[in-house]
Structure formats: C-alpha cells, structure tokens
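The values are calculated or read from the model by the stated rules, or taken from the named source; none is laboratory data. Everything numeric in this text was worked out from a predicted model, so none of it was measured. Here the Cβ positions follow ideal geometry from the backbone for every residue, glycine too, while neighbour counts run over all protein chains shown. To get the accessible areas, we keep the full protein, side chains included, count just its heavy atoms, and leave off ligands, DNA and RNA. Shrake-Rupley method; radii C 1.70, N 1.55, O 1.52, S 1.80 Å.
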Amino acid sequence: MVQRSNDEIRGDLSYLFDKASQALAARMTTALADLDITPRDYCVLTKAAPGELTQGELAEIALLDKTTMVVTMDNLEGAGLARRTPCPEDRRARIVQTTDSGREVVGKARTVIDGVYEDVLAVLPEKQRAAFLDALVALVGADGPLSAVEPTPNTPRRRSQRSSRSS
C-alpha cells in the first residue's frame, strides 16, 4: 500500500473529507451490524421520526437519490421499522413514519453511534474536539460554503473498453 506523508495529505482537502467519511461509515456499519441496520437506515429513521416529511423531502435531507431512497424504504418497511402513508395534500407523495419498533432500534443505535463518535474523537483533546466540530459546522452548516450539494455539470464519462475498441 502506498503511504502519503502527513504534509501531502494536509494539502488535499478532498482526500481528507473522503477518507474521513469512508472510514467513519465503515466503523458505523460494523458497529450497527448487530442491530441489523445500516448507517443509511439509521439516518432515514431518525429524520423520519417526526412523521411529517414526504419520501422525497426525506431523501433530500438524507442526501439520497430517489432510487436509493426507495430501496432503503422498501427494506425499512419490510423490517417493520418504518411505514409510508399517503400524503393528504398530494396523492402522489408518501409521508414516511418511523414505527415503534423503528424508534426502539434508533434508541439503541444512537448509543452505538455515540460510542463510535467518542472513539473517533478521543484522539483529540477536548478543546480541539469542540474547535473541530465547530469548524465542520461552519463549513457544512446552513450558511457554510459546503452547505449545498450541487450537481456537477458536464461531468466527463469514461468510455467503456468495448466501445473504445470498436471505434
């Protein structure tokens, strides 16, 4: 495995965010496995708890595309952790609600995830933890420069090996 120096890594903000996100997601996935849910399931269940959001609104808040949201909801409904009910204002939309079983799982998962967060942040002294979290909120919070996830226009696509050979 190729090792990068800390100075090189420090200069690559995208790498730092990607690596942290991937590593944290992997830890959370492992930690939540005993509860038979994924970090995505947890995210959707917690955001659906008030029972006021449509599936589309929930997908937007959870940063999920529509297809992933449908698959996630199918799994959560199948497990009895969430349900979809018709929206009174829009017959095409469905309101997502966390079931009693779902709320129970969320409570257990919250404890597990708090433990993961504590383990991850334990490397930082208390003052650095607060500063680190404040800095992340300043970056991705409502007014932060990274608050909006905007689609990238004209993303180049790689041609498949097959189509490039036949050209």
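Side notes on the structure shown:
- Residues that are of a type in the set (Asp, Glu) and open to solvent by less than 90 Å² (accessible area, probe 1.4 Å) within the stretch 43-62 comprise just one, 57.
- Residues of the stretch 19-42 that are open to solvent by less than 50 Å² (accessible area, probe 1.4 Å) and either within 13 Å of the chain's Cα centre (by Cα) or β-branched (Val, Ile, Thr) (or both): 23, 25, 28, 37, 39, 41, 42.
- Selected residue (only one of 74, 65 is of a type in the set (D, E, K, R), open to solvent by less than 90 Å² (accessible area, probe 1.4 Å) and under 15 Å from the mean Cα position of the chain (by Cα)): 65
- Number of the exception - residue 119 against (1) open to solvent by 70 Å² or more (accessible area, probe 1.4 Å); (2) at pLDDT below 95: (2)
- Qualifying residue in the stretch 26-45 (condition: over 18 Å from residue 116 (Cα atoms) and out of contact with any Phe, Trp or Tyr (no Cβ under 9 Å at 6 or more places or on another chain)): yes
- Count of the stretch 135-155 residues which are part of a loop (DSSP other than H, G, I, E, B) and either modelled with pLDDT of 60 or more or surrounded by 11 or more Cβ atoms within 10 Å (Cβ to Cβ) (or both): 10
- Hey, residue 16 modelled with pLDDT under 95 and surrounded by 12 or more Cβ atoms within 10 Å (Cβ to Cβ) or not: yes
- For the condition closer than 27 Å to residue 135 by Cα and modelled with pLDDT of 95 or more, residue 10 does not qualify.
- Residue 124 out of contact with any Phe, Trp or Tyr (no Cβ under 7 Å at 6 or more places or on another chain) and without any contact (Cβ under 8 Å) to a residue 24 or more places away in the chain: no
- Among residues of the stretch 85-134, those that are touching a Gly at 6+ places or on another chain (Cβ under 6 Å) and part of a helix (DSSP H, G or I), counted: 1
- Here residue 80 fulfils each of the conditions (1) in a loop (DSSP other than H, G, I, E, B); (2) touching a strand residue (DSSP E or B) at 6+ places or on another chain (Cβ under 9 Å); (3) surrounded by 11 or more Cβ atoms within 10 Å (Cβ to Cβ) apart from (2).
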